[in-house]
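S.K.: Below are the C-alpha coordinates for one structure; questions will follow.
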Amino acid sequence: MNNLPLDGCAIVIFGASGDLTKRKLLPALSNLHARRLLPEHFAVLGIGRTKLSDEEFRSRAMDHDSGADETFRRTIFYRQLDTRNVDAYGDLAERLASLDESHGTRGNYLFYLSTPPSAFETIVRGIAKAGLHEESDERSWRRLVVEKPFGYDLASAEELEKQLHKAFSERQIYRIDHYLGKETVQNMLVLRFGNGIFEPLWNRNYVQHVEITAAESIGVEDRGGYYERSGALRDMFQNHLLHVAGMIAMEPPASFNAASVRNETMKVFESLRPLSVDDVRANVIRGQYVSSTIGGRYVPGYREEKGVAPDSRTETYVAARFYIDNWRWSDVPFLVRTGKRLPTRVTEAVIHFKQAPHRLFAYGASARRDGDECGCNQLIMRIQPDEGILINFNMKLPGGGFEMKTVSMDFHYSDLSDLYTPEAYERLLIDAVVGDATLFTRHDAVEACWRFVDPILNAWREEPDIPLHGYPAGSWGPEAARTLLQSHVPDWRRPCRNLAENGEFCDL
Ligand code: BG6
(Lines give C-alpha, C1' and ligand atoms only; values in the text may rest on other atoms or scores of the structure.)
Protein backbone atom coordinates (compact mmCIF):
# COMPACT_ATOMS: atom_id res chain seq x y z
CA MET A 1 0.00 0.00 0.00
CA ASN A 2 1.14 3.54 -0.65
CA ASN A 3 2.94 5.23 2.18
CA LEU A 4 3.06 8.69 0.71
CA PRO A 5 2.91 11.74 2.89
CA LEU A 6 -0.56 13.12 2.37
CA ASP A 7 -2.15 16.50 2.44
CA GLY A 8 -5.39 16.85 4.35
CA CYS A 9 -8.64 15.88 2.64
CA ALA A 10 -12.36 15.38 3.12
CA ILE A 11 -14.25 12.34 1.81
CA VAL A 12 -17.83 13.20 0.97
CA ILE A 13 -20.07 10.13 0.75
CA PHE A 14 -23.36 10.51 -1.12
CA GLY A 15 -25.80 7.76 -0.16
CA ALA A 16 -24.26 7.66 3.30
CA SER A 17 -27.18 5.84 4.89
CA GLY A 18 -26.77 2.95 2.43
CA ASP A 19 -25.45 -0.49 3.03
CA LEU A 20 -22.11 0.08 1.30
CA THR A 21 -21.11 2.88 3.68
CA LYS A 22 -21.73 0.71 6.72
CA ARG A 23 -20.44 -2.60 5.38
CA LYS A 24 -17.42 -1.46 3.38
CA LEU A 25 -16.50 2.22 3.32
CA LEU A 26 -16.40 3.16 7.01
CA PRO A 27 -14.75 -0.12 8.10
CA ALA A 28 -12.14 0.38 5.36
CA LEU A 29 -11.49 3.97 6.47
CA SER A 30 -11.36 2.90 10.09
CA ASN A 31 -8.71 0.27 9.28
CA LEU A 32 -6.71 2.78 7.25
CA HIS A 33 -6.90 5.20 10.16
CA ALA A 34 -5.76 2.54 12.62
CA ARG A 35 -2.79 1.76 10.35
CA ARG A 36 -1.98 5.48 10.10
CA LEU A 37 -2.41 5.54 6.34
CA LEU A 38 -4.89 8.39 6.25
CA PRO A 39 -3.77 12.00 6.13
CA GLU A 40 -3.30 13.61 9.50
CA HIS A 41 -5.94 16.20 8.63
CA PHE A 42 -8.94 14.26 7.55
CA ALA A 43 -12.74 14.22 7.71
CA VAL A 44 -15.62 12.13 6.37
CA LEU A 45 -18.84 13.91 5.52
CA GLY A 46 -21.85 11.62 5.03
CA ILE A 47 -24.65 13.06 2.91
CA GLY A 48 -28.22 11.80 3.08
CA ARG A 49 -31.82 12.92 2.94
CA THR A 50 -32.73 11.90 6.48
CA LYS A 51 -32.27 14.43 9.25
CA LEU A 52 -29.57 13.13 11.60
CA SER A 53 -27.06 14.63 13.97
CA ASP A 54 -23.39 13.73 13.56
CA GLU A 55 -23.62 11.46 16.57
CA GLU A 56 -26.77 9.73 15.31
CA PHE A 57 -25.07 9.10 11.99
CA ARG A 58 -21.96 7.69 13.67
CA SER A 59 -24.05 5.28 15.72
CA ARG A 60 -26.11 4.18 12.74
CA ALA A 61 -23.29 3.84 10.25
CA MET A 62 -20.78 2.10 12.47
CA ASP A 63 -21.34 -1.13 14.31
CA HIS A 64 -20.54 -0.90 17.98
CA ASP A 65 -18.22 -3.86 17.63
CA SER A 66 -16.46 -2.38 14.59
CA GLY A 67 -13.42 -1.57 16.67
CA ALA A 68 -13.31 2.00 15.35
CA ASP A 69 -11.51 4.15 17.87
CA GLU A 70 -12.85 7.42 19.22
CA THR A 71 -10.42 9.64 17.28
CA PHE A 72 -11.68 8.09 14.07
CA ARG A 73 -15.33 8.46 15.11
CA ARG A 74 -14.72 12.14 15.73
CA THR A 75 -13.63 12.67 12.12
CA ILE A 76 -17.07 11.59 10.86
CA PHE A 77 -19.79 14.13 10.19
CA TYR A 78 -23.19 14.18 8.58
CA ARG A 79 -25.12 16.68 6.50
CA GLN A 80 -28.74 16.42 5.47
CA LEU A 81 -29.14 17.44 1.83
CA ASP A 82 -31.84 17.01 -0.76
CA THR A 83 -29.46 15.83 -3.46
CA ARG A 84 -32.19 16.22 -6.11
CA ASN A 85 -32.14 19.98 -5.69
CA VAL A 86 -29.08 21.30 -7.51
CA ASP A 87 -29.47 24.66 -5.79
CA ALA A 88 -28.97 23.08 -2.38
CA TYR A 89 -25.29 22.28 -2.93
CA GLY A 90 -24.21 25.73 -1.78
CA ASP A 91 -24.86 24.40 1.72
CA LEU A 92 -22.45 21.58 1.08
CA ALA A 93 -19.80 24.05 -0.10
CA GLU A 94 -20.22 26.00 3.16
CA ARG A 95 -19.95 22.86 5.28
CA LEU A 96 -16.81 21.78 3.45
CA ALA A 97 -15.27 25.22 3.84
CA SER A 98 -15.90 25.00 7.58
CA LEU A 99 -14.23 21.57 7.68
CA ASP A 100 -11.25 23.10 5.89
CA GLU A 101 -11.04 25.57 8.76
CA SER A 102 -11.67 23.18 11.64
CA HIS A 103 -9.97 20.02 10.30
CA GLY A 104 -7.32 21.27 7.90
CA THR A 105 -8.83 19.45 4.92
CA ARG A 106 -7.30 22.13 2.66
CA GLY A 107 -9.96 22.17 -0.05
CA ASN A 108 -9.10 18.60 -1.15
CA TYR A 109 -12.36 16.73 -1.65
CA LEU A 110 -13.09 13.17 -2.70
CA PHE A 111 -16.75 12.86 -3.70
CA TYR A 112 -17.92 9.25 -3.42
CA LEU A 113 -21.12 8.35 -5.28
CA SER A 114 -22.57 5.46 -3.36
CA THR A 115 -26.13 6.07 -4.54
CA PRO A 116 -28.26 4.33 -7.16
CA PRO A 117 -26.98 5.34 -10.62
CA SER A 118 -30.19 7.26 -11.31
CA ALA A 119 -28.92 9.90 -8.86
CA PHE A 120 -25.43 10.33 -10.37
CA GLU A 121 -26.31 12.97 -12.92
CA THR A 122 -28.07 15.35 -10.52
CA ILE A 123 -25.38 15.02 -7.89
CA VAL A 124 -22.67 15.84 -10.40
CA ARG A 125 -24.68 18.84 -11.63
CA GLY A 126 -25.17 20.02 -8.04
CA ILE A 127 -21.46 19.68 -7.26
CA ALA A 128 -20.64 21.64 -10.40
CA LYS A 129 -23.23 24.32 -9.70
CA ALA A 130 -21.59 24.97 -6.34
CA GLY A 131 -18.19 25.07 -8.09
CA LEU A 132 -16.98 22.18 -5.95
CA HIS A 133 -15.46 20.29 -8.90
CA GLU A 134 -12.93 23.03 -9.64
CA GLU A 135 -9.38 22.64 -8.42
CA SER A 136 -8.85 26.23 -7.40
CA ASP A 137 -5.10 26.25 -7.01
CA GLU A 138 -2.35 23.87 -7.98
CA ARG A 139 -2.16 22.31 -4.56
CA SER A 140 -5.80 21.36 -4.06
CA TRP A 141 -7.58 18.51 -5.78
CA ARG A 142 -11.17 17.40 -6.40
CA ARG A 143 -11.99 13.81 -7.35
CA LEU A 144 -15.09 11.79 -8.03
CA VAL A 145 -15.40 8.10 -7.14
CA VAL A 146 -18.16 6.22 -8.94
CA GLU A 147 -19.49 2.80 -8.02
CA LYS A 148 -20.80 0.38 -10.63
CA PRO A 149 -23.08 -0.11 -12.51
CA PHE A 150 -21.53 2.16 -15.11
CA GLY A 151 -24.59 2.13 -17.32
CA TYR A 152 -26.95 -0.59 -18.33
CA ASP A 153 -25.61 -1.11 -21.85
CA LEU A 154 -23.23 0.70 -24.19
CA ALA A 155 -25.61 3.57 -24.97
CA SER A 156 -26.42 4.30 -21.32
CA ALA A 157 -22.74 4.01 -20.36
CA GLU A 158 -21.86 6.58 -23.00
CA GLU A 159 -24.61 8.84 -21.73
CA LEU A 160 -23.37 8.49 -18.14
CA GLU A 161 -19.84 9.39 -19.23
CA LYS A 162 -21.15 12.46 -20.99
CA GLN A 163 -22.85 13.58 -17.77
CA LEU A 164 -19.80 12.94 -15.57
CA HIS A 165 -17.52 14.72 -17.99
CA LYS A 166 -19.67 17.83 -17.98
CA ALA A 167 -18.12 18.64 -14.61
CA PHE A 168 -15.11 16.37 -14.09
CA SER A 169 -12.22 15.55 -16.38
CA GLU A 170 -11.20 11.91 -16.84
CA ARG A 171 -8.16 12.59 -14.65
CA GLN A 172 -10.54 13.37 -11.75
CA ILE A 173 -12.82 10.32 -12.15
CA TYR A 174 -12.13 7.07 -10.27
CA ARG A 175 -14.44 4.20 -11.30
CA ILE A 176 -14.42 1.37 -8.79
CA ASP A 177 -14.41 -2.25 -9.84
CA HIS A 178 -13.79 -3.75 -6.44
CA TYR A 179 -12.26 -6.88 -7.97
CA LEU A 180 -9.22 -4.80 -8.93
CA GLY A 181 -8.83 -3.92 -5.25
CA LYS A 182 -8.44 -7.58 -4.29
CA GLU A 183 -4.87 -8.52 -3.36
CA THR A 184 -5.11 -11.77 -5.27
CA VAL A 185 -6.18 -10.04 -8.48
CA GLN A 186 -3.31 -7.57 -8.22
CA ASN A 187 -0.99 -10.45 -7.49
CA MET A 188 -1.68 -11.80 -10.97
CA LEU A 189 0.48 -8.98 -12.29
CA VAL A 190 3.30 -9.74 -9.85
CA LEU A 191 3.07 -13.47 -10.52
CA ARG A 192 3.32 -12.85 -14.24
CA PHE A 193 5.75 -9.95 -14.45
CA GLY A 194 7.72 -10.36 -11.22
CA ASN A 195 8.85 -13.89 -12.10
CA GLY A 196 10.86 -15.15 -15.02
CA ILE A 197 9.42 -18.66 -15.21
CA PHE A 198 5.76 -18.11 -16.08
CA GLU A 199 5.80 -15.49 -18.78
CA PRO A 200 7.59 -17.59 -21.45
CA LEU A 201 4.74 -20.15 -21.18
CA TRP A 202 1.94 -17.59 -20.93
CA ASN A 203 0.70 -17.74 -24.52
CA ARG A 204 -1.07 -19.77 -27.20
CA ASN A 205 1.94 -22.07 -27.68
CA TYR A 206 1.60 -23.53 -24.20
CA VAL A 207 -1.82 -22.61 -22.87
CA GLN A 208 -4.73 -24.87 -23.78
CA HIS A 209 -7.43 -22.71 -22.28
CA VAL A 210 -8.09 -20.29 -19.45
CA GLU A 211 -10.93 -20.96 -17.02
CA ILE A 212 -12.36 -18.33 -14.68
CA THR A 213 -15.02 -19.10 -12.08
CA ALA A 214 -16.84 -16.75 -9.73
CA ALA A 215 -19.30 -18.89 -7.80
CA GLU A 216 -21.54 -17.65 -5.03
CA SER A 217 -23.57 -19.84 -2.73
CA ILE A 218 -25.96 -17.05 -1.76
CA GLY A 219 -29.01 -16.17 -3.82
CA VAL A 220 -30.03 -12.58 -4.59
CA GLU A 221 -30.94 -11.98 -0.93
CA ASP A 222 -32.79 -8.68 -0.61
CA ARG A 223 -31.43 -7.25 -3.88
CA GLY A 224 -34.13 -8.76 -6.11
CA GLY A 225 -35.27 -5.36 -7.37
CA TYR A 226 -31.75 -4.37 -8.49
CA TYR A 227 -30.90 -7.82 -9.81
CA GLU A 228 -34.00 -8.05 -12.00
CA ARG A 229 -32.62 -5.21 -14.12
CA SER A 230 -29.11 -6.51 -13.97
CA GLY A 231 -28.66 -10.28 -14.12
CA ALA A 232 -25.36 -12.14 -13.89
CA LEU A 233 -24.03 -10.83 -17.19
CA ARG A 234 -24.21 -7.18 -16.17
CA ASP A 235 -23.62 -7.75 -12.46
CA MET A 236 -20.43 -9.84 -12.62
CA PHE A 237 -19.34 -10.64 -16.17
CA GLN A 238 -19.26 -7.26 -17.92
CA ASN A 239 -17.07 -5.76 -15.21
CA HIS A 240 -15.37 -8.02 -12.66
CA LEU A 241 -14.75 -11.08 -14.80
CA LEU A 242 -13.69 -9.27 -17.95
CA HIS A 243 -11.23 -7.32 -15.80
CA VAL A 244 -9.81 -10.51 -14.33
CA ALA A 245 -9.46 -11.81 -17.90
CA GLY A 246 -7.76 -8.50 -18.76
CA MET A 247 -5.17 -9.01 -16.00
CA ILE A 248 -4.47 -12.54 -17.21
CA ALA A 249 -4.26 -11.63 -20.86
CA MET A 250 -2.53 -8.23 -20.93
CA GLU A 251 0.96 -7.62 -22.26
CA PRO A 252 3.65 -6.45 -19.82
CA PRO A 253 3.22 -2.70 -19.32
CA ALA A 254 6.17 -0.45 -20.16
CA SER A 255 6.20 0.68 -16.54
CA PHE A 256 3.95 0.25 -13.56
CA ASN A 257 1.84 3.36 -13.73
CA ALA A 258 -1.83 4.04 -14.36
CA ALA A 259 -1.48 4.99 -18.01
CA SER A 260 0.70 2.01 -19.01
CA VAL A 261 -1.27 -0.61 -17.07
CA ARG A 262 -4.63 0.66 -18.27
CA ASN A 263 -3.43 0.98 -21.86
CA GLU A 264 -2.49 -2.70 -21.81
CA THR A 265 -5.80 -3.93 -20.36
CA MET A 266 -7.61 -1.73 -22.85
CA LYS A 267 -5.79 -3.48 -25.72
CA VAL A 268 -7.16 -6.81 -24.42
CA PHE A 269 -10.72 -5.49 -24.41
CA GLU A 270 -10.28 -4.11 -27.91
CA SER A 271 -9.14 -7.54 -29.07
CA LEU A 272 -12.18 -9.45 -27.77
CA ARG A 273 -13.62 -11.30 -30.76
CA PRO A 274 -17.09 -9.84 -31.41
CA LEU A 275 -20.03 -12.23 -31.08
CA SER A 276 -22.70 -12.63 -33.76
CA VAL A 277 -26.15 -13.92 -32.80
CA ASP A 278 -25.07 -17.44 -33.80
CA ASP A 279 -21.92 -17.07 -31.72
CA VAL A 280 -24.05 -16.11 -28.74
CA ARG A 281 -26.15 -19.24 -29.25
CA ALA A 282 -23.07 -21.46 -29.37
CA ASN A 283 -20.83 -19.72 -26.85
CA VAL A 284 -22.95 -18.23 -24.09
CA ILE A 285 -25.16 -20.25 -21.75
CA ARG A 286 -27.54 -18.61 -19.33
CA GLY A 287 -29.35 -20.14 -16.40
CA GLN A 288 -31.65 -19.31 -13.51
CA TYR A 289 -31.76 -21.19 -10.20
CA VAL A 290 -34.89 -23.10 -9.34
CA SER A 291 -35.90 -24.33 -5.92
CA SER A 292 -34.35 -27.40 -4.42
CA THR A 293 -33.90 -29.13 -1.10
CA ILE A 294 -30.42 -29.17 0.32
CA GLY A 295 -29.65 -31.14 3.44
CA GLY A 296 -33.40 -31.31 4.18
CA ARG A 297 -33.76 -27.53 3.86
CA TYR A 298 -35.98 -25.98 1.18
CA VAL A 299 -34.10 -23.40 -0.88
CA PRO A 300 -36.38 -21.12 -2.92
CA GLY A 301 -35.93 -20.59 -6.63
CA TYR A 302 -35.04 -17.16 -8.06
CA ARG A 303 -38.63 -16.46 -9.12
CA GLU A 304 -39.74 -16.88 -5.50
CA GLU A 305 -37.31 -14.26 -4.20
CA LYS A 306 -38.50 -10.87 -2.93
CA GLY A 307 -38.71 -8.23 -5.69
CA VAL A 308 -38.50 -10.80 -8.49
CA ALA A 309 -41.23 -11.27 -11.13
CA PRO A 310 -42.83 -14.73 -11.01
CA ASP A 311 -42.11 -15.14 -14.73
CA SER A 312 -38.69 -13.45 -14.63
CA ARG A 313 -36.23 -14.29 -17.40
CA THR A 314 -33.27 -12.70 -15.64
CA GLU A 315 -30.21 -14.95 -15.64
CA THR A 316 -28.55 -15.80 -12.34
CA TYR A 317 -25.85 -17.84 -14.08
CA VAL A 318 -23.81 -17.21 -17.18
CA ALA A 319 -21.06 -19.24 -18.78
CA ALA A 320 -19.24 -18.01 -21.85
CA ARG A 321 -16.46 -19.07 -24.18
CA PHE A 322 -14.70 -16.20 -25.86
CA TYR A 323 -11.50 -15.44 -27.71
CA ILE A 324 -8.95 -12.66 -27.64
CA ASP A 325 -7.76 -12.07 -31.18
CA ASN A 326 -4.15 -11.06 -30.80
CA TRP A 327 -0.73 -12.67 -31.28
CA ARG A 328 -0.52 -14.01 -27.75
CA TRP A 329 -3.97 -15.53 -27.42
CA SER A 330 -5.25 -16.31 -30.90
CA ASP A 331 -7.66 -19.28 -30.70
CA VAL A 332 -7.12 -19.92 -26.98
CA PRO A 333 -10.59 -20.29 -25.42
CA PHE A 334 -11.37 -18.24 -22.33
CA LEU A 335 -14.05 -20.15 -20.41
CA VAL A 336 -15.71 -17.93 -17.87
CA ARG A 337 -18.69 -18.64 -15.61
CA THR A 338 -20.44 -17.04 -12.70
CA GLY A 339 -23.60 -17.79 -10.81
CA LYS A 340 -25.63 -17.40 -7.67
CA ARG A 341 -26.76 -20.38 -5.57
CA LEU A 342 -23.90 -22.61 -6.66
CA PRO A 343 -22.50 -25.13 -4.17
CA THR A 344 -19.91 -22.83 -2.68
CA ARG A 345 -18.39 -19.36 -2.72
CA VAL A 346 -15.20 -19.49 -4.68
CA THR A 347 -13.48 -17.28 -7.24
CA GLU A 348 -10.49 -18.64 -9.11
CA ALA A 349 -8.67 -18.37 -12.42
CA VAL A 350 -6.98 -21.41 -13.90
CA ILE A 351 -4.38 -21.57 -16.64
CA HIS A 352 -4.68 -25.01 -18.24
CA PHE A 353 -1.44 -25.82 -20.00
CA LYS A 354 -1.20 -28.05 -23.05
CA GLN A 355 -0.31 -31.70 -22.76
CA ALA A 356 3.37 -32.66 -22.94
CA PRO A 357 4.25 -33.11 -26.64
CA HIS A 358 4.96 -36.82 -26.36
CA ARG A 359 3.36 -39.07 -23.85
CA LEU A 360 5.84 -41.47 -22.25
CA PHE A 361 4.08 -42.34 -19.01
CA ALA A 362 0.65 -43.58 -18.03
CA TYR A 363 -1.25 -42.83 -14.86
CA GLY A 364 -1.22 -45.38 -12.09
CA ALA A 365 -4.61 -47.03 -11.65
CA SER A 366 -5.60 -45.00 -8.61
CA ALA A 367 -3.54 -41.92 -9.31
CA ARG A 368 -5.32 -40.18 -12.16
CA ARG A 369 -7.02 -36.95 -11.35
CA ASP A 370 -10.70 -37.64 -11.63
CA GLY A 371 -11.88 -37.79 -15.22
CA ASP A 372 -8.76 -36.04 -16.42
CA GLU A 373 -7.41 -37.87 -19.46
CA CYS A 374 -4.87 -35.23 -20.31
CA GLY A 375 -2.80 -34.91 -17.14
CA CYS A 376 -2.19 -31.33 -18.16
CA ASN A 377 -0.52 -28.91 -15.79
CA GLN A 378 -2.69 -26.30 -14.19
CA LEU A 379 -1.83 -23.05 -12.50
CA ILE A 380 -4.70 -22.14 -10.21
CA MET A 381 -4.95 -18.59 -8.87
CA ARG A 382 -7.39 -18.72 -5.97
CA ILE A 383 -8.85 -15.25 -5.71
CA GLN A 384 -11.10 -16.04 -2.73
CA PRO A 385 -11.58 -17.56 -0.22
CA ASP A 386 -8.44 -19.46 0.86
CA GLU A 387 -6.45 -17.04 -1.29
CA GLY A 388 -3.41 -18.62 -2.83
CA ILE A 389 -1.73 -20.23 -5.79
CA LEU A 390 -1.66 -23.90 -6.67
CA ILE A 391 0.30 -25.70 -9.35
CA ASN A 392 -0.70 -29.19 -10.41
CA PHE A 393 1.96 -31.34 -12.00
CA ASN A 394 2.78 -35.01 -12.50
CA MET A 395 5.39 -37.08 -10.71
CA LYS A 396 6.41 -40.68 -10.63
CA LEU A 397 4.22 -42.90 -8.52
CA PRO A 398 6.64 -44.51 -6.05
CA GLY A 399 7.29 -48.19 -6.69
CA GLY A 400 8.00 -50.34 -9.72
CA GLY A 401 7.54 -49.13 -13.28
CA PHE A 402 7.02 -45.53 -14.37
CA GLU A 403 3.49 -44.61 -13.55
CA MET A 404 2.43 -41.03 -12.95
CA LYS A 405 0.48 -39.29 -10.26
CA THR A 406 -0.74 -35.69 -10.20
CA VAL A 407 0.40 -33.70 -7.18
CA SER A 408 0.23 -30.05 -6.13
CA MET A 409 2.39 -27.25 -4.87
CA ASP A 410 0.13 -25.08 -2.85
CA PHE A 411 0.71 -21.59 -1.48
CA HIS A 412 -1.86 -20.05 0.89
CA TYR A 413 -1.87 -16.37 1.75
CA SER A 414 -2.78 -17.45 5.27
CA ASP A 415 0.78 -18.80 5.57
CA LEU A 416 1.98 -15.20 5.57
CA SER A 417 0.55 -14.86 9.04
CA ASP A 418 2.59 -11.79 9.93
CA LEU A 419 1.32 -9.80 6.95
CA TYR A 420 -1.90 -7.84 6.93
CA THR A 421 -4.05 -8.38 3.81
CA PRO A 422 -6.15 -5.28 3.24
CA GLU A 423 -9.74 -5.41 2.05
CA ALA A 424 -10.34 -4.31 -1.53
CA TYR A 425 -11.97 -1.05 -0.40
CA GLU A 426 -9.02 -0.12 1.79
CA ARG A 427 -6.68 -0.32 -1.12
CA LEU A 428 -9.00 1.51 -3.50
CA LEU A 429 -9.89 4.31 -1.09
CA ILE A 430 -6.32 5.14 -0.23
CA ASP A 431 -5.33 4.99 -3.90
CA ALA A 432 -8.10 7.48 -4.73
CA VAL A 433 -6.91 9.74 -1.91
CA VAL A 434 -3.31 9.72 -3.13
CA GLY A 435 -4.42 10.03 -6.75
CA ASP A 436 -3.20 6.68 -8.07
CA ALA A 437 -5.68 5.55 -10.74
CA THR A 438 -3.91 2.30 -11.73
CA LEU A 439 -6.58 0.06 -10.18
CA PHE A 440 -9.56 2.08 -11.41
CA THR A 441 -11.42 1.52 -14.64
CA ARG A 442 -10.97 4.01 -17.45
CA HIS A 443 -14.01 5.09 -19.44
CA ASP A 444 -12.76 3.58 -22.70
CA ALA A 445 -12.38 0.21 -20.96
CA VAL A 446 -15.93 0.40 -19.58
CA GLU A 447 -17.22 1.12 -23.06
CA ALA A 448 -15.11 -1.59 -24.71
CA CYS A 449 -16.53 -4.16 -22.26
CA TRP A 450 -20.06 -3.03 -23.04
CA ARG A 451 -19.31 -3.19 -26.77
CA PHE A 452 -18.47 -6.86 -26.26
CA VAL A 453 -21.45 -7.61 -24.01
CA ASP A 454 -24.15 -5.66 -25.85
CA PRO A 455 -24.60 -8.27 -28.63
CA ILE A 456 -25.25 -10.92 -25.95
CA LEU A 457 -27.92 -8.76 -24.32
CA ASN A 458 -29.46 -8.00 -27.71
CA ALA A 459 -29.49 -11.65 -28.78
CA TRP A 460 -31.15 -12.70 -25.51
CA ARG A 461 -33.74 -9.98 -25.88
CA GLU A 462 -34.50 -10.52 -29.54
CA GLU A 463 -34.16 -14.29 -29.96
CA PRO A 464 -36.65 -15.89 -27.60
CA ASP A 465 -35.57 -19.38 -28.66
CA ILE A 466 -32.20 -18.95 -26.92
CA PRO A 467 -32.86 -21.01 -23.80
CA LEU A 468 -32.74 -19.86 -20.20
CA HIS A 469 -31.80 -23.10 -18.44
CA GLY A 470 -33.13 -23.85 -14.99
CA TYR A 471 -30.60 -25.29 -12.54
CA PRO A 472 -31.32 -26.52 -9.03
CA ALA A 473 -30.12 -24.22 -6.27
CA GLY A 474 -26.94 -25.75 -4.87
CA SER A 475 -25.83 -27.34 -8.16
CA TRP A 476 -22.97 -26.20 -10.40
CA GLY A 477 -25.33 -24.65 -12.94
CA PRO A 478 -26.97 -25.90 -16.14
CA GLU A 479 -25.67 -29.08 -17.75
CA ALA A 480 -25.68 -27.17 -21.04
CA ALA A 481 -22.62 -25.21 -19.89
CA ARG A 482 -20.56 -28.33 -20.63
CA THR A 483 -21.11 -27.77 -24.35
CA LEU A 484 -18.65 -24.87 -24.11
CA LEU A 485 -15.76 -27.10 -23.05
CA GLN A 486 -12.95 -28.39 -25.23
CA SER A 487 -13.44 -31.99 -26.30
CA HIS A 488 -10.67 -33.29 -24.04
CA VAL A 489 -11.92 -31.50 -20.91
CA PRO A 490 -14.54 -33.63 -19.18
CA ASP A 491 -16.06 -30.88 -17.07
CA TRP A 492 -15.60 -27.46 -15.57
CA ARG A 493 -13.36 -27.52 -12.56
CA ARG A 494 -15.11 -28.38 -9.33
CA PRO A 495 -13.26 -26.34 -6.73
CA CYS A 496 -15.27 -28.13 -4.06
CA ARG A 497 -15.25 -31.54 -5.69
CA ASN A 498 -14.78 -33.71 -2.62
CA LEU A 499 -17.53 -32.13 -0.61
CA ALA A 500 -19.96 -32.07 -3.51
CA GLU A 501 -19.31 -35.70 -4.28
CA ASN A 502 -20.18 -36.67 -0.74
CA GLY A 503 -23.51 -34.97 -1.20
CA GLU A 504 -22.46 -32.14 1.10
CA PHE A 505 -22.35 -28.50 0.18
CA CYS A 506 -19.73 -26.12 1.28
CA ASP A 507 -21.72 -23.08 2.32
CA LEU A 508 -25.40 -23.38 1.61
C1 BG6 B 1 -20.94 -7.24 -6.69
C2 BG6 B 1 -22.21 -7.80 -7.23
O3 BG6 B 1 -20.37 -6.32 -7.59
O4 BG6 B 1 -20.02 -8.30 -6.47
C5 BG6 B 1 -22.79 -8.82 -6.28
O6 BG6 B 1 -23.15 -6.76 -7.42
C7 BG6 B 1 -21.78 -9.89 -5.95
O8 BG6 B 1 -23.97 -9.43 -6.81
C9 BG6 B 1 -20.48 -9.25 -5.52
O10 BG6 B 1 -22.31 -10.68 -4.90
C11 BG6 B 1 -19.39 -10.29 -5.39
O12 BG6 B 1 -18.27 -9.70 -4.80
P13 BG6 B 1 -17.25 -10.57 -3.97
O14 BG6 B 1 -16.18 -9.60 -3.60
O15 BG6 B 1 -17.99 -11.16 -2.82
O16 BG6 B 1 -16.78 -11.64 -4.93
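S.K.: Which whole DSSP H helices in the chain pass both tests: a Cα extent of 24 Å or more along the axis and a mean Kyte-Doolittle value no lower than -1.0?
M.R.: Result, helices passing both filters: 443-462.
S.K.: Shape call for segment 9-147 from the C-alpha gyration tensor, a ≥ b ≥ c root eigenvalues: rounded (a/c under 1.5), prolate (a/b greater than b/c) or oblate?
M.R.: Oblate, since a/c reaches 1.5 and b/c is not below a/b.
S.K.: Further question on the same structure: Need the C-alpha centroid separation for segment 391-459 versus segment 64-136, integer Å.
M.R.: Taking the Cα centre of segment 64-136 as reference, the centre of segment 391-459 is 34 Å away.
S.K.: To the nearest 20 Debye, how big is the dipole of segment 9-147 about its Cα centre, given +1 on the beta carbon of each Lys and Arg and -1 on that of each Asp and Glu?
M.R.: 300
S.K.: Enumerate the lysines that LYS354 could reach by cross-link, defined here as Cα to Cα under 26 Å, with residues fewer than 8 away along the same chain left out.
M.R.: Within reach: LYS267, LYS396, LYS405.
S.K.: Moving on to the next point. Quick one: P(r) of segment 36-108 from all Cα-Cα pairs, 5 Å bins, percents rounded to integers, in order of increasing distance.
M.R.: 3, 14, 24, 22, 21, 11, 4, 1
S.K.: A follow-up question, please. Using 7 Å Cα-to-Cβ label points, what is the GLN355/ASP91 separation (nm, one decimal)?
M.R.: 7.0
S.K.: Report the extension gain between TYR298 and PHE402 in nm, rounded to one decimal, defined as 0.36 nm multiplied by the number of residues separating them, less their alpha carbon distance.
M.R.: Answer, rounded to one decimal: 32.5 nm.
S.K.: Can you quote the Å³ per residue value for the convex hull of the Cα atoms in the chain, rounded to an integer?
M.R.: Taking the convex hull of the Cα positions in the chain, it is 168 Å³ per residue.
S.K.: Name the residue from PHE42, THR21, LEU132 whose Cα lies farthest towards the positive end of the charge dipole of segment 9-147, charges +1 on Cβ of Lys and Arg and -1 on Cβ of Asp and Glu.
M.R.: After comparing all options, I get THR21.
S.K.: Taking 0.36 nm per residue of sequence separation and subtracting the Cα-Cα distance, how much length would be gained by fully extending the chain between ARG23 and ALA254, in nm to one decimal?
M.R.: Once the chain is fully extended between ARG23 and ALA254, it gains 79.5 nm.
S.K.: Tell me the relative contact order for segment 9-147 as a rounded percent, counting alpha carbon contacts under 8 Å between residues six or more apart.
M.R.: It comes to 31 percent, rounded to a whole number.
S.K.: I'd like to check one number: the per residue accessible area of the chain, probe 1.4 Å, reported in Å² as a whole number.
M.R.: With all protein chains present, the chain gives 44 Å² per residue.
S.K.: Considering only PHE237, TYR425, VAL145, whose Cα is most displaced toward the positive end of the charge dipole of the chain, charges sitting on Cβ of Lys, Arg (+1) and Asp, Glu (-1)?
M.R.: Farthest towards the positive end: PHE237.
S.K.: Counting Lys and Arg as +1 and Asp and Glu as -1, what is the net charge of the other residues whose Cβ lies under 14 Å from the Cβ of GLU264?
M.R.: It works out to a net charge of +1.
S.K.: State the Kirkwood hydrodynamic radius of segment 222-333 in Å, one decimal place, computed from all pairs of distinct Cα atoms.
M.R.: The answer is 16.5 Å.
S.K.: A follow-up question, please. What distance in nm separates the simple spin-label points at MET409 and THR438, each placed 7 Å from Cα in the Cβ direction?
M.R.: Output for this residue pair reads 2.5 nm.
S.K.: Right, next: Of THR406, PHE334, VAL299, which is farthest on the positive side of the dipole of segment 180-484, counting Cα position, with +1 on Lys and Arg Cβ, -1 on Asp and Glu Cβ, and the Cα centre as origin?
M.R.: Of the options given, the answer is THR406.
S.K.: Might you report the magnitude of the Cβ-based charge dipole of segment 260-332 about its Cα centre, with Lys and Arg at +1 and Asp and Glu at -1, to the nearest 20 debye?
M.R.: 180
S.K.: Moving to a separate point now. If you take the beta carbon distance between ARG273 and ILE197 as r and set R0 to 35 Å, what does 1/(1 + (r/R0)^6) give as a FRET efficiency, to the nearest 0.05?
M.R.: Working from the Cβ atoms, E equals 0.75.
S.K.: Given contacts defined as C-alpha pairs under 8 Å and at least six residues apart, what's the relative contact order of the chain, whole-number percent?
M.R.: 17
S.K.: Taking the Cα centre of segment 180-484 as origin and charging only Cβ (+1 Lys, Arg; -1 Asp, Glu), how large is the dipole, in debye to the nearest 20?
M.R.: Computed about the Cα centre, the dipole is about 560 debye.
S.K.: Based on alpha-carbon atoms only, what is the radius of gyration of segment 398-443 relative to the globular estimate 2.2 N^0.38 Å?
M.R.: 2.23
The values are calculated or read from the model by the stated rules, or taken from the named source; none is laboratory data. Since the model is a prediction, treat every value here as computed from it, not as a measurement. Virtual Cβ from ideal backbone geometry, glycine too; neighbours counted across all protein chains shown. Heads up: the accessible areas ignore ligands, DNA and RNA and are worked out on the full protein's heavy atoms, side chains in. Shrake-Rupley method; radii C 1.70, N 1.55, O 1.52, S 1.80 Å.
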